[in-house]
Structures are given as structure tokens and as C-alpha cells.
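Let me begin by presenting the structure, written as C-alpha cells, before commenting on it.
Read-outs: derived from the displayed coordinates by stated rules, not from any lab. In this text the structure is predicted, and so the values were computed from the model without any measurement. Note that we place each Cβ from the backbone using ideal geometry, even for glycine, and neighbour counts take in every protein chain shown.
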Amino acid sequence: MTASQALQKARVRSTHFYAASLGSIGLCIGMWIRAKTVDQDERGNAERRALFVGLWPPMFWLMGDSLKNAELVPEQLLGRVDEGAALDELSAVKINYDLVRAAQQGQPLPAPTVRPDGVVLAPSGIRPHPLERLARRSLHAGS
């Protein structure tokens, strides 16, 4: 059993850790201000205690983040993925294996083609990425 599973079983939520993080910031500030009111002999210890409490907020915040990620279902972590559509898109990709064989045998490969918008297409048979249309012409060789 992981720590986040044990905390979930104990019904501790991520918001509890976020609140503890913010509370420890307030406690640190309060202890620091209080340290200024004590006499000089005890001031060093009071300031060290305030600094020690000041180390707690990042720990509590990260524990809350870890617990929040454990509370999320996989669809919320990865976004909604239509596996059928993803597999259809993947199966639609055609790879020209003649080019692979030609490269393995040391034969010359065909030259890349340049589209009218300046995007250079490798002779792989794979369609270009949709964001390539946003690239400037100066980024592509042959344009």
C-alpha cells in the first residue's frame, strides 16, 4: 500500500494538505514576529524555530499534489482519448518500405518534395504534422 493510498483510506484529502501548507506559512510568520518580542538570549532559538516551521509549506503542498493526482481518475490525468479513433489514425499511416529497403541496400533515395506553402516533405509516405502549416517558410530548406 502506498502512502497516498493509506491517506485516502484515512479520508485525508489534498485540500487538507493545502490548508496545512498555508497554515504553516501563517504560523512561521507569527513565530518570526513573536521572536522579535523575546529577549536577546532566547531570540536565536525562536528565530530558528520559525525558520524550521517555514520549511514545512513546500512539503505539505507537494504531499497535497501527490494526493490530488491519486484522487484523479485516469481520464482526468490524460484527457479523454478515443482509443478507436487513435487506432484508426495510426492504421491509416502508410510507410513506404521500399525506401527502407533502398536505404539498407545503399541505393540513392528520392529527393524531398516542397509544397507550395514551403513545407518540405520527406519521401516517407507519412503525412506531415498538422502544425507544420504554421511554420515560417524560412525554417524549411529549399524554400
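Measuring from a point 7 Å past the Cα of K68 along Cα-to-C-beta, which residues in the stretch 11-30 have an amide N at less than 17 Å?
Only 12-25 pass the distance filter.
Quick one: dipole size for the stretch 3-78, taken about the Cα centre, charges +1 on Lys/Arg Cβ and -1 on Asp/Glu Cβ, in debye to the nearest 20.
For the stretch 3-78, the charge dipole is close to 140 debye.
What's the FRET efficiency of R11 with M59 using the Cβ-Cβ distance as r and R₀ = 22 Å, to the nearest 0.05?
The pair R11/M59 has a calculated efficiency of 0.60.
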